[in-house]
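Structure first, then comments.
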Amino acid sequence: MTTSKPKKVAIVHDWLYGGGAELVVEQLHKLFPDAPIYTGYCSDAWRARLDDKVVTGWLQHLGSGTLRKLAILPRLWWFRGLDLSAFDLVIISTGNGEAKAIRVPKSTTTICYCHTPNHFYWRQYREYLKRPGFGLLNPLARLGLKLFVGPLRRWDHRAAQRITHFIANSNHIKNDVKIYYGREAEVIHPPVDTARFAAAPETKRQGFITADRQVPAKHIDLIIEACNKISAPLTVIGKGSEHENLKRLAGPSVTVIDRFVTDNELPAYFAGAQAFIKASFEDFGVTPVEALAAGTPVIAYQAGGALDYVKPGQTGVFFREQTVDSLAQALISFQPKLFKHEAIRAAATTFSPEAFRTHLQGYIAKHYKEK
């Protein structure tokens, strides 16, 4: 094995329009600024943010909405048809998409940064059958998933066997890569803009806060109901299909912010709270780590990626069941004076973009084989 530097690198990603996975691509671009970035769909904002290195095709015309989400087979065919034979190293960033469908010569090293084995096919298949999230098109989505999940699982598993090396974004995903693909993975946590949140001035901290996409899978209703039950002050930030329902659910102690909160405003919100609440099962979870960077302890459901950054008594606490009673009890027991905000900020620096790039550079130097 040689540690020579790859001469021609390509980056492949499911789609680019927002979210934690895109932050990984941004850091890959910083490491390999000349590498083309192949993706099924890219917003104008992300195309500019990635210095116009993004390569799209006819999938771009499907847009970023429901049509793109339903077009699983067209996405698979598009990625499979890419000609990447000229590259020495191909880095694939993928989660609930089809970027693994690419085919390269056996001499090309492929490194897959896995955000998750596709939820629709594997761990969350039954949950998506219950609540596909497509509104009026839910019956069509259920039918399609039932008809095609078998072939899609077989395809996804075969594609995983063609990958040279796997990286997982958390220990939870490392385990899922082993369970569903039978492959070993090394954990490199995704990059979080910790410096921006650490810069928020320390202020008097009051109440709890949560910020997330307001969709059923995030269980924000559970957080509101738990705070309603014990009359705990809570601020809810975010937008999504559940926004109006959450506003109706909120009791007197809960404030659902009914406007878009900008990225510049978010650090101050986090730094002004006694704790951040996360009730969903996450593969990793960037937003709670942003809260940690602001010195704010995290109260999280004891599962998934949260196990990597919530250290009981140091950076936060867990609740064991996704129930109102379990979370309410954790909120009642929470003692904010036990937590040191500066120590929490320091712990969050291990998730910085600089740490991510350093770890990834070391990984590539160890595993890249010259073509």
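The values are calculated or read from the model by the stated rules, or taken from the named source; none is laboratory data. Because the structure is a prediction, the values reported are computed rather than measured. Neighbour counts run over all protein chains shown; Cβ positions are idealised from the backbone, glycine included.
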*Is it the case that region 117-125 has a residue that's at pLDDT 90 or above, surrounded by 18 or more Cβ atoms within 10 Å (Cβ to Cβ) and outside any loop (DSSP other than H, G, I, E, B)?*
no
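Yes/no per residue for (1) buried (at least 17 other Cβ atoms within 10 Å of the Cβ); (2) charged (D, E, K, R):
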| position | (1), (2) |
| --- | --- |
| GLY304 | yes, no |
| ASP308 | yes, yes |
| GLY316 | yes, no |
| THR323 | no, no |
| GLN335 | no, no |
| PRO353 | yes, no |
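Filter region 233-249 down to the residues that are part of a loop (DSSP other than H, G, I, E, B) and either out of contact with any strand residue (DSSP E or B) (no Cβ under 8 Å at 6 or more places or on another chain) or crowded, with 18+ Cβ neighbours inside 10 Å (or both) and list them by number. Even if it seems obvious, please write down each step before you answer.
If we filter region 233-249 for residues that are part of a loop (DSSP other than H, G, I, E, B), which is where we start, we get 233, 238-242.
Passing the criteria: GLY238, LYS239, GLY240, SER241, GLU242.
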*When residues of region 24-74 are filtered for being closer than 27 Å to HIS189 by Cβ and assigned to a strand (DSSP E or B), how many remain?*
5
*Sort out for me the helices (runs of 4 or more DSSP H) sitting completely within region 137-229 that have 3 or more residues that are under 30 Å from HIS367 (Cα atoms) and more than 19 Å from the chain's Cα centre (by Cα).*
138-162
*Residue in region 212-233 that is farthest from ILE332 (Cα to Cα), counting only those that are among the aliphatic types (A, V, I, L, M) and touching a helix residue (DSSP H, G or I) at 6+ places or on another chain (Cβ under 9 Å)*: ALA217
_Checking ILE230 against (1) of a type in the set (Val, Ile, Thr); (2) free of Cβ contacts under 8 Å to residues at least 40 places away in the same chain; (3) loosely packed, with under 15 Cβ neighbours inside 10 Å, only one condition comes out false. Which one?_
(2)
*Answer residue from region 98-116, given it is hydroxyl-bearing (Ser, Thr, Tyr) and more than 25 Å from PHE284 (Cβ to Cβ) and is surrounded by the most Cβ atoms within 10 Å (Cβ to Cβ) among those*: THR108
*Quickly run through region 58-75 and pick out the residues that are crowded, with 16+ Cβ neighbours inside 10 Å and either of a type in the set (Val, Ile, Thr) or not assigned by TED's automatic domain parsing to the domain that holds GLY19 (or both).*
ILE72
*Which numbered condition PHE260 fails, given (1) of a type outside the set (Gly, Ala, Ser); (2) touching a Pro at 6+ places or on another chain (Cβ under 9 Å); (3) modelled with pLDDT under 95*: (2)
*Just a yes or no: is a residue in region 209-219 under 25 Å from LYS106 (Cβ atoms), surrounded by 17 or more Cβ atoms within 10 Å (Cβ to Cβ) and aliphatic (A, V, I, L, M)?*
no
*Inspect all residues belonging to region 188-206 and state whether any of them is in contact with a strand residue (DSSP E or B) (Cβ under 6 Å, 6 or more places away or on another chain) and either crowded, with 16+ Cβ neighbours inside 10 Å or of a type in the set (Lys, Arg) (or both).*
yes
*For region 260-319, which fully contained helices (runs of 4 or more DSSP H) count at least 3 residues that are of a type in the set (A, V, I, L, M) and in contact with a strand residue (DSSP E or B) (Cβ under 9 Å, 6 or more places away or on another chain)?*
286-293
_Checking TRP78 against (1) over 25 Å from PHE356 (Cβ atoms); (2) aromatic (Phe, Trp, Tyr); (3) in a loop (DSSP other than H, G, I, E, B), the condition it does not meet_ = (3)
